[in-house]
Amino acid sequence: MHIVIMGCGRVGSALAHDLDAMGHSVAVVDMDVDSFRKLGHDFRGTTVKGIGFDRDVLIRAGIERAHAFAAVSSGDNSNILAARVSRETFGVENVVARIYDPRRAEVYERLGIPTVATVAWTTSQMMRRLLPSGALEEWRDPSGVLAIAEVHVDPAWIGRRVCTLGDVSGSRIAFVTRYGEAIVPDDATVMQENDLVHVLYRVGDREQVESIFGSPPGGAR
């Protein structure tokens with residue numbers, strides 16, 4: 001796959017390095033030539049100096065043959081403009097933009113531009129450590145009907161099958177994070193200490209899901 005990245009800061013350079021190491025073709029666009037030093041000497045991709053939402057610059061970066069585009073510069077407006085140009089002008093299907101303002105991120109999600117809201121992500125991670133109970137929402141579909149959240153599980157569930165949580169709460173277990181790795185549970189997977197359970201549920205059912213997950217088996221109705 002050929003992937004174009006706008007912005008060669010810490011996030012952009014890390015993405016470029018990882019994608020390059022995976023064997024993908026990568027082009028990085030940035031106004032500051034010095035920023036390309038972050039890529040290291042072993043980076044095999046290409047670098048393009050210029051404005052990331054300029055069509056000629058994007059063409060030099062290979063946007064016409066790109067399978068994906070990531071806008072991760074330090075400017076919200078630049079990121080969303082570049083993402084829209086990539087999708088609407090060049091027809092790139094897999095497009096994502098980093099947005100610092102979570103309110104803008106919600107608007108652009110509804111317009112069909114996938115976004116990563118940096119402030120919202122950081123805040124949610126802090127909140128989970130301050131308030132460990134309940135559901136920590138990680139994703140919500142643009143219509144606002146479905147959500148994926150990491151839901152606090154009562155310790156009494158340890159040793160019981162993970163799928164039972166989904167059955168009794170009317171939700172679906174998306175995956176479990178165990179020792180820092182994500183696993184997709186099957187019917188035989190049982191809860192272990194320190195497991196993080198990520199749940200897909202209808203937004204209107206959040207309180208019910210939180211209540212069942214946060215109570216001992218049979219303790220919530």
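The values are calculated or read from the model by the stated rules, or taken from the named source; none is laboratory data. What you are looking at is a predicted structure, and each value in this text was computed from that prediction instead of being measured. Counting neighbours? That spans all protein chains shown, and the Cβs are built from the backbone with ideal geometry, glycine included.
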Condition check for Val57: under 22 Å from Glu93 (Cβ atoms), of a type in the set (Val, Ile, Thr) and either in a strand (DSSP E or B) or not assigned by TED's automatic domain parsing to the domain that holds Val85 (or both) | no
Filter segment 179-193 down to the residues that are touching a strand residue (DSSP E or B) at 6+ places or on another chain (Cβ under 8 Å) and either within 12 Å of Val151 (Cβ to Cβ) or of a type outside the set (Gly, Ala, Ser) (or both), then identify the one that is surrounded by the most Cβ atoms within 10 Å (Cβ to Cβ).
-> Met191
Scanning segment 55-87 residue by residue, those buried (at least 18 other Cβ atoms within 10 Å of the Cβ) and β-branched (Val, Ile, Thr) turn out to be Val57, Ile63, Val72, Ile80, Val85
Residues being free of Cβ contacts under 8 Å to residues at least 12 places away in the same chain and within 16 Å of Ile3 (Cα to Cα) - total across segment 16-68 = 5
In segment 139-163, how many residues are surrounded by 15 or more Cβ atoms within 10 Å (Cβ to Cβ), acidic (Asp, Glu) and closer than 14 Å to Tyr201 by Cβ?
-> 1
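Let's see how each residue does on (1) at pLDDT 95 or above; (2) of a type in the set (D, E, K, R); (3) in a strand (DSSP E or B); (4) more than 25 Å from the chain's Cα centre (by Cα):
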{"site": "Val4", "(1), (2), (3), (4)": "yes, no, yes, no"}
{"site": "Ser13", "(1), (2), (3), (4)": "no, no, no, no"}
{"site": "Asp20", "(1), (2), (3), (4)": "no, yes, no, no"}
{"site": "Gly23", "(1), (2), (3), (4)": "no, no, no, no"}
{"site": "Val28", "(1), (2), (3), (4)": "yes, no, yes, no"}
{"site": "Phe36", "(1), (2), (3), (4)": "yes, no, no, no"}
{"site": "Phe53", "(1), (2), (3), (4)": "no, no, no, no"}
Restricting attention to segment 167-212, which residues are in a helix (DSSP H, G or I), touching a residue at least 12 places away in the same chain (Cβ under 8 Å) and over 24 Å from Ser143 (Cβ atoms)?
-> Val168, Ile212
